[in-house]
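Engineer: Would you mind keeping the following structure in view while I ask a few things?
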Amino acid sequence: MKHIKIISSVLVLLVLAISCNSDKSKASNDALAVYQCPMLCEGAKFYDEAGSCPVCKMDLKQIEKASKEMETDEISEESIFNLMSKWHTEEGKEIQLEDLKGKTLVVVMIYTSCKAACPRLVADMRNIEAQIPDEKLKDLTFALVSIDPETDTPERLKAFAIENQMDDEQWTFLHGTESGVREFANVLSVKYKEISPIDFSHSNIISVFNAKGELKHQQEGLGVDNKETIETILQLIQ
Amino acid sequence: MQILTKNQIKMKKRNIISCGALLIMILFMSCKDNNQKKEVSTTDMPISREMKAELTSPPNVPRSVGRRKAKKLIVNMEILEEEGELTDGVKYVYWTFGGSVPGSFIRTRVGDEVEFTLSNHPDNKLPHNIDLHAVTGPGGGAESSFVAPGHEKTFSFKTLNPGLYVYHCATAPVGMHIANGMYGLILVEPAGGLPQVDKEYYIMQGDFYTKGKNGERGLQPFDMQKAVDENADYVVFNGSVNALTGDNAITAKVGETVRLFVGNGGPNLVSSFHVIGEIFDKVHVEGGDTVNENVQTTLIPAGGAAIVEFRVDVPGTFILVDHSIFRAFNKGALGMLKVEGEEDKRIYSGEIREGIYLPEGPGIQNMPTTDEVVESEIPAKSFDEQMKFGKQTYMQTCFACHQAEGQGIPNAFPPLANSDYLNADVERAIDVVVNGLSGEITVNGEKYNSVMTKQLLSSEDVANVLTYVYNSWGNSGKVVTKEMVEKVKNK
Amino acid sequence: MKTKVFSLLLICFVCQYLTYGQTEDMVLIEGSRYIPLYGRDSTVVEVNDFKMDKYPVTVEDFELFVKESPKWRKSNAIKLFTDKTYLSNWKNDLESKDSVKSKSPITYVSWFAAKAYCECQNKRLPTVDEWEYVAMADETTKDARIKPTYNEQILSWYEAPRTNENIIGETPKNVWGVYDLHGLVWEWTLDFNSVLITGESRKDVDKDSNLFCGSAAVNATDLMNYAAFMRYAIRGSLKAKYSMKNLGFRCVQDVKTESE
């Protein structure tokens with residue numbers, strides 16, 4: 001009986017110790033929060049601890065992180081935002097890929113005069129979009145990049161978007177230079193070849209990038225089971 | 001001592017009977033369970049833990065799977081393009097799986113989930129992939145394993161059917177990749193493994209096509225046109241002419257059972273596989289479940305395989321061949337199995353005795369008594385005619401003992417070819433033909449002690465036949481005239 | 001961000017200035033129409049006039065390039081554009097290993113690096129059609145593909161080991177005056193990823209409409225041109241960030257005035 005008492009008290013102590021540890025870790029999490037001068041006296045500079053701004057003497061304000069991993073402005077080595085190519089959206093706006101930073105990206109390469117696979121690829125994209133809960137859609141961008149920049153001008157892309165009821169916020173169509181498109185395709189390992197002035201052969205790949213532009217998942221083929229793709233997207237936009 | 005009442009005895013008996021009945025029921029039930037277990041299809045077979053596959057170079061094979069359960073099997077295969085020797089003095093650039101032709105032997109069990117990693121060495125020039133006939137899946141794995149030099153690809157497949165299967169590269173042009181040696185065998189053993197034997201070996205036949213002819217020295221490039229025409233320069237076992245001969249022969253001891261895993265990489269030719277001096281006790285036809293027995297020669301299709309088993313009963317060297325026989329003796333489809341041990345004269349006695357068998361020729365042979373001679377009616381007028389007539393005489397009179405190329409018969413009749421005895425003394429040679437010879441002589445270092453009867457030939461004929469002999473087979477080239485013969489005759 | 005773009009432009013100006021002399025080592029290729037191994041719908045392609053480097057880019061050329069463009073040095077090159085084998089035969093950021101000859105072709109470079117080098121000189125990588133067009137010539141004929149010796153010679157090179165260690169200019173120049181298209185190393189092309197081969201070559205003759213969208217067949221035109229088959233196979237197996245021991249490149253320049 002004595003033994004039981006000793007053992008049980010030891011157990012209780014252990015449990016407490018462990019939970020205390022977790023409390024400690026919570027505290028250290030808070031310690032990771034960053035502080036910045038509300039007047040931005042020193043520009044974007046931030047501090048690890050609370051205190052006062054050395055310039056204007058105001059109390060430093062704790063910053064709420066915009067998204068989970070965006071503490072720094074650095075683009076990682078694997079991010080597609082390293083590409084310097086220039087693009088136009090279907091609205092005619094000129095952007096660089098980096099402008100798409102901050103949202104999970106689902107990308108496919110198509111061309112509008114495609115009769116064979118592209119309608120199915122577009123359907124696959126729509127299928128994926130349908131399976132994302134509405135409130136999460138604001139964290140997603142669905143990008144359709146044209147491999148035929150000569151024919152698919154921004155105006156044509158806009159017409160295509162309207163025709164296919166893809167004119168909402170989350171859909172973006174991109175028009176680039178031949179060199180920019182070839183480079184982008186190579187990053188995605190998408191192969192394509194012009195067969196005739198309005199006909200291309202290309203691989204059918206849907207790619208998913210996280211908010212930092214790093215490639216996380218690819219789905220190859222038409223009408224393929226998109227379970228894994230959806231899972232990856234949902235994980236990324238949490 | 002306990003005295004059992006009648007009732008107690010009855011009870012005891014009942015107990016025993018009911019216990020026995022229970023036991024029997026239990027046995028039956030467990031037997032039933034075993035039967036049910038056997039009916040799990042291979043697609044659903046579960047795997048337990050993982051294991052790294054042991055890959056071996058020919059002619060050796062990895063150990064049997066024995067009674068192990070289906071596992072996750074990890075196979076790492078490397079592709080190397082390297083120069084090797086096709087036969088003496090003939091070099092060839094082989095493209096290999098695992099550094100050997102054929103490629104490494106892969107041994108699996110039915111139901112294994114094989115995680116296959118194909119690595120293409122950075123020094124290689126070309127991309128490759130692999131198609132394993134044991135794979136159920138598109139391309140046999142070829143689609144998922146296309147890999148550039150300096151990179152590797154991994155894919156996984158489950159072995160659903162037992163059997164012996166070929167694997168090969170399937171990158172365009174496929175025929176060229178296979179012809180350069182990119183093939184091998186993968187064995188999928190049934191549950192429990194194949195029955196045990198004493199020796200197991202791995203042999204694979206292939207045809208090779210080179211720019212130069214068979215035997216032409218130097219580094220030979222591949223010849224696409226000959227391959228398209230299916231005109232092979234070399235047909236070999238295990239990648240080169242001497243891969244299984246001499247010191248490289250496979251071995252066994254008398255009384256052992258031998259199992260050969262024989263594949264045919266092709267690319268074109270079908271094999272008629274035979275072991276000279278042995279009969280296959282069992283042949284797993286085409287590597288599948290059907291077993292044929294007592295087979296002399298079995299067909300192995302290009303891109304196919306067979307398993308042959310036999311017991312070796314007597315010692316000796318047994319030659320493995322493709323019985324499309326010109327391939328064996330003129331193109332290299334020849335291997336050796338050397339068996340050591342005690343002889344068994346009942347099964348094979350070897351040579352029991354030898355003797356002389358001489359069909360009589362048209363020449364008259366007598367002991368030297370008469371002087372009868374038949375003069376030839378048309379004398380030879382020139383050296384060429386002497387040679388012609390002399391040859392005719394030779395073939396009629398001398399051939400039976402001294403043979404067609406003058407080689408004689410060892411221990412019986414001395415050679416005339418390159419004969420020191422002949423070339424030393426012309427007059428003595430004429431004398432032998434005209435008067436005969438008996439007693440011991442030494443020719444080319446060998447002793448002969450026999451009798452040659454005198455030949456009843458005209459002087460013309462003697463002159464012609466001796467001229468023919470002296471001008472054939474490396475002899476000194478003298479010309480013998482009728483006068484020289486007459487001189488000897490009149491001595 | 002802005003500084004990145006600025007520094008990139010600055011680097012390009014500098015190297016363009018330094019490597020201006022490189023345009024001297026080019027020859028003019030007159031364009032024409034021909035049928036390549038994997039062609040377009042009507043199988044004939046048209047190649048415009050362009051200038052091509054006589055020799056592939058050498059190790060010493062590339063050493064100059066990385067001196068001016070730190071972005072492409074071995075330790076700086078980013079994972080998006082290169083993999084672990086990038087410049088793996090270099091002993092440090094600026095120099096190749098001593099065993100590597102400076103006039104041998106540069107290898108172990110990725111497509112992105114090759115593209116950047118060419119763009120820095122106001123040139124670009126050749127397209128597959130342009131490259132194949134110049135490569136089908138031998139010493140005397142512009143289209144030597146019908147000659148059996150032409151194919152044989154190339155196939156025998158594919159079996160010769162370690163040709164990447166040779167220096168440039170040792171194989172005979174072809175009728176255009178271009179050296180080393182065969183017999184030295186494979187070469188990057190601008191649109192190598194237009195080769196839609198899955199690697200399952202027995203199916204590649206069938207348009208695999210699930211993996212590749214193509215309403216026209218992408219069939220090979222000449223099944224006996226094994227040398228070309230192998231070049232297309234190599235292109236089909238590559239990804240843009242790969243580098244290989246036997247893969248180098250050369251640049252070309254459009255003859256019309258540069259725009260865009």
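Engineer: Out of the residues in segment C:161-196 meeting the condition of being hydroxyl-bearing (S, T, Y) and more than 12 Å from the chain's Cα centre (by Cα), tell me which one is nearest to A:Y192 (Cα to Cα).
Structural biologist: Out of the qualifying residues, it is C:S194.
Engineer: In this structure, does C:N48 turn out to be within 25 Å of C:Y242 (Cα to Cα) and either open to solvent by 60 Å² or more (accessible area, probe 1.4 Å) or aromatic (F, W, Y) (or both)?
Structural biologist: It is false that C:N48 is within 25 Å of C:Y242 (Cα to Cα) and either open to solvent by 60 Å² or more (accessible area, probe 1.4 Å) or aromatic (F, W, Y) (or both).
Engineer: May I pose another question? Taking B:P415 and the conditions (1) crowded, with 17+ Cβ neighbours inside 10 Å; (2) in a helix (DSSP H, G or I); (3) modelled with pLDDT of 85 or more, which numbered condition does it fall short on, given that it satisfies the others?
Structural biologist: Checking B:P415 against (1) crowded, with 17+ Cβ neighbours inside 10 Å; (2) in a helix (DSSP H, G or I); (3) modelled with pLDDT of 85 or more, the one that fails is (2).
Engineer: Find the residue count for segment C:115-141, including only residues that are under 17 Å from A:S85 (Cβ atoms) and either touching a strand residue (DSSP E or B) at 6+ places or on another chain (Cβ under 7 Å) or within 13 Å of chain A (Cβ to nearest Cβ) (or both).
Structural biologist: Selection size over segment C:115-141: 6.
Engineer: Search segment B:159-186 for residues being in a loop (DSSP other than H, G, I, E, B) and farther than 18 Å from B:T96 by Cβ, and hand back the single one that is nearest to the other protein chains (Cβ to nearest Cβ).
Structural biologist: Checking each candidate, the answer is B:A172.
Engineer: Sort out for me the strands (runs of 3 or more DSSP E) sitting completely within segment B:241-295 that have 3 or more residues that are open to solvent by 50 Å² or more (accessible area, probe 1.4 Å).
Structural biologist: Those strands (runs of 3 or more DSSP E) span B:291-295.
Engineer: Next up: What tally of residues in segment B:455-467 results from selecting those that are open to solvent by 20 Å² or more (accessible area, probe 1.4 Å) and not hydrophobic (A, V, I, L, M, F, W, C)?
Structural biologist: Final tally of qualifying residues: 3.
Engineer: Then there is this: Among residues belonging to segment B:187-204 that are charged (D, E, K, R) and more than 19 Å from B:D289 (Cα to Cα), point out the one that is nearest to the other protein chains (Cβ to nearest Cβ).
Structural biologist: Within segment B:187-204, the match that is nearest to the other protein chains (Cβ to nearest Cβ) is B:K199.
Engineer: So which residues in segment B:119-158 are among the aromatic types (F, W, Y) and facing another protein chain (nearest Cβ under 9 Å)?
Structural biologist: Passing the criteria: only B:F146.
Engineer: Also, quick follow-up: Among the residues of segment C:124-138, are any open to solvent by 10 Å² or more (accessible area, probe 1.4 Å) and touching a Ser or Thr at 6+ places or on another chain (Cβ under 7 Å)?
Structural biologist: Yes, because at least one residue in segment C:124-138 is open to solvent by 10 Å² or more (accessible area, probe 1.4 Å) and touching a Ser or Thr at 6+ places or on another chain (Cβ under 7 Å).
Engineer: Of the residues B:S119, B:S144, which single one is over 31 Å from the mean Cα position of the chain (by Cα) and at pLDDT 95 or above?
Structural biologist: The unique qualifying residue is B:S119.
Engineer: Follow-up question, since we're still on this one. Tell me, yes or no, whether segment A:117-137 has at least one residue that is more than 14 Å from every other protein chain (Cβ to nearest Cβ), at pLDDT 85 or above and in contact with a Leu (Cβ under 6 Å, 6 or more places away or on another chain).
Structural biologist: No, there is no match, as no residue in segment A:117-137 is more than 14 Å from every other protein chain (Cβ to nearest Cβ), at pLDDT 85 or above and in contact with a Leu (Cβ under 6 Å, 6 or more places away or on another chain).
Engineer: Let me ask you something else. B:T397 passes all but one of (1) open to solvent by 60 Å² or more (accessible area, probe 1.4 Å); (2) touching a Gly at 6+ places or on another chain (Cβ under 8 Å); (3) modelled with pLDDT under 85; which number fails?
Structural biologist: For B:T397, the exception is condition (1).
Engineer: Let me ask something else about it. Identify, by number, the condition in (1) at pLDDT 75 or above; (2) surrounded by fewer than 17 Cβ atoms within 10 Å (Cβ to Cβ); (3) within 20 Å of B:Y468 (Cα to Cα) that B:P410 doesn't meet.
Structural biologist: The one condition B:P410 does not meet is (3).
Engineer: Moving on. I need the full set of residues from segment B:330-353 which are without any contact (Cβ under 8 Å) to a residue 40 or more places away in the chain and of a type in the set (S, T, N, Q), in order please.
Structural biologist: B:S349
Engineer: Condition (residue is modelled with pLDDT of 75 or more and away from chain B (no Cβ under 14 Å)) applied to segment C:217-231: is it met by at least one residue?
Structural biologist: no
Engineer: Inspect all residues belonging to segment A:68-75 and state whether any of them is at pLDDT 75 or above and hydroxyl-bearing (S, T, Y).
Structural biologist: Scanning segment A:68-75, I find no residue that is at pLDDT 75 or above and hydroxyl-bearing (S, T, Y), so the answer is no.
Engineer: With closer than 24 Å to C:V185 by Cα, assigned by TED's automatic domain parsing to the domain that holds B:V283 and touching a helix residue (DSSP H, G or I) at 6+ places or on another chain (Cβ under 6 Å) as the only criterion, which of B:A148, B:A170 stands out?
Structural biologist: B:A148
Engineer: OK, next. Within segment B:105-124, track down each residue that is open to solvent by less than 10 Å² (accessible area, probe 1.4 Å), assigned to a loop (DSSP other than H, G, I, E, B) and more than 24 Å from B:A191 (Cβ to Cβ).
Structural biologist: B:N124
Engineer: Residue under question is B:V283, and the condition is that it be over 17 Å from B:P59 (Cβ atoms) and in contact with a Pro (Cβ under 6 Å, 6 or more places away or on another chain); does it hold?
Structural biologist: It is false that B:V283 is over 17 Å from B:P59 (Cβ atoms) and in contact with a Pro (Cβ under 6 Å, 6 or more places away or on another chain).
Engineer: Exactly one of these conditions fails for A:T112: (1) open to solvent by less than 20 Å² (accessible area, probe 1.4 Å); (2) under 14 Å from A:F209 (Cβ atoms). Give me its number.
Structural biologist: Only one criterion in (1) open to solvent by less than 20 Å² (accessible area, probe 1.4 Å); (2) under 14 Å from A:F209 (Cβ atoms) is unmet by A:T112, namely (2).
Engineer: Something else: Give just the number: which of (1) crowded, with 16+ Cβ neighbours inside 10 Å; (2) touching a helix residue (DSSP H, G or I) at 6+ places or on another chain (Cβ under 9 Å); (3) more than 12 Å from every other protein chain (Cβ to nearest Cβ) does C:L94 not satisfy?
Structural biologist: Status for C:L94: all satisfied but (1).
Engineer: Residue check, B:V93 against (1) under 28 Å from the mean Cα position of the chain (by Cα); (2) modelled with pLDDT of 95 or more, all met but one. Which one?
Structural biologist: Just one mismatch for B:V93, condition (2).
The values are calculated or read from the model by the stated rules, or taken from the named source; none is laboratory data. Fair warning: this is a prediction, and the values are worked out from it, not measured in the lab. Every residue, glycine as well, gets a Cβ built from its backbone with ideal geometry; the counts of neighbours run over all protein chains shown. Calculation scope for accessible area: heavy atoms of the full protein, side chains included, ligands and nucleic acids excluded. Shrake-Rupley method; radii C 1.70, N 1.55, O 1.52, S 1.80 Å.
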